[in-house]
Amino acid sequence: LDFFFSFGSILYIITVYNIIIMSKNKVNKKLEAKIEAKLKEITKRSENRRCMDCLEKGPRYVVMNFNIFVCSACSGVHREFQHRALGISMSKFTWEQVNDLETGGNKAAKKLWMARWSPKDYPEPDGNDIPKIREFIRKKYVEKVWYKKKKSKKSKNKDVDNGDADDDWGSNDNN
């Protein structure tokens, strides 16, 4: 009798455990679907339909360090600089990452990283010219040649770089 009682208890525990796991899976699948739908909506925005770093259309990657949308060629160059590039259709995104992409995106990044850029300075490279893409990305994100400088508190009318290069959302290496 003790054998059947303990065997029945084990079956009961296993059944309850399976119900809990199945419930969690349903919740996770709903959250994943919500994240995917939001990411798809952000990707379809006009400003995110072109690569941030070259002339290619239809970017399939995001660079989480800067919350930008880029093409395959540019994602490879970003990886050379140790930037975190993720394939949109190949990666699982967290809700936090999707929110970062929503507040970021190519429009916001352009205002920050290309604030002082002019096509005369350095034309945007063609998607097939990897050496020019590499140099453009280096100038834009590493050297910060066209980066929007912050206004100091002392001089409200002049743009002054306060020397604090890592305090903007674009410098977050934890993403």
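Each value in this text was obtained by applying a stated rule to the coordinates, not by laboratory testing. Worth saying up front: this structure is predicted, and the values here are computed from it rather than measured. Glycine also receives a Cβ, built like all others from the backbone with ideal geometry; neighbour counts cover every protein chain displayed.
Peptides 63-73, 98-108: what's the order by average Cβ count within 10 Å, highest mean first?
63-73, 98-108
In the structure shown, do any of LYS38/LYS144; LYS44/LYS92; LYS38/LYS92; LYS29/LYS57; LYS110/LYS149 have a Cα-Cα gap over 20 Å, and if so which?
Too far apart for the 20 Å limit: LYS38/LYS144; LYS29/LYS57.
Does the range 98-154 come out rounded, prolate or oblate by the C-alpha gyration tensor, with a ≥ b ≥ c the root eigenvalues, rounded set by a/c under 1.5 and, if not, prolate when a/b is larger than b/c and oblate if not?
Oblate, since a/c reaches 1.5 and b/c is not below a/b.
Report the label-to-label distance for LYS150 and TYR122 in nanometres (one decimal), using points 7 Å from each Cα along the Cα→Cβ vector.
2.3 nm
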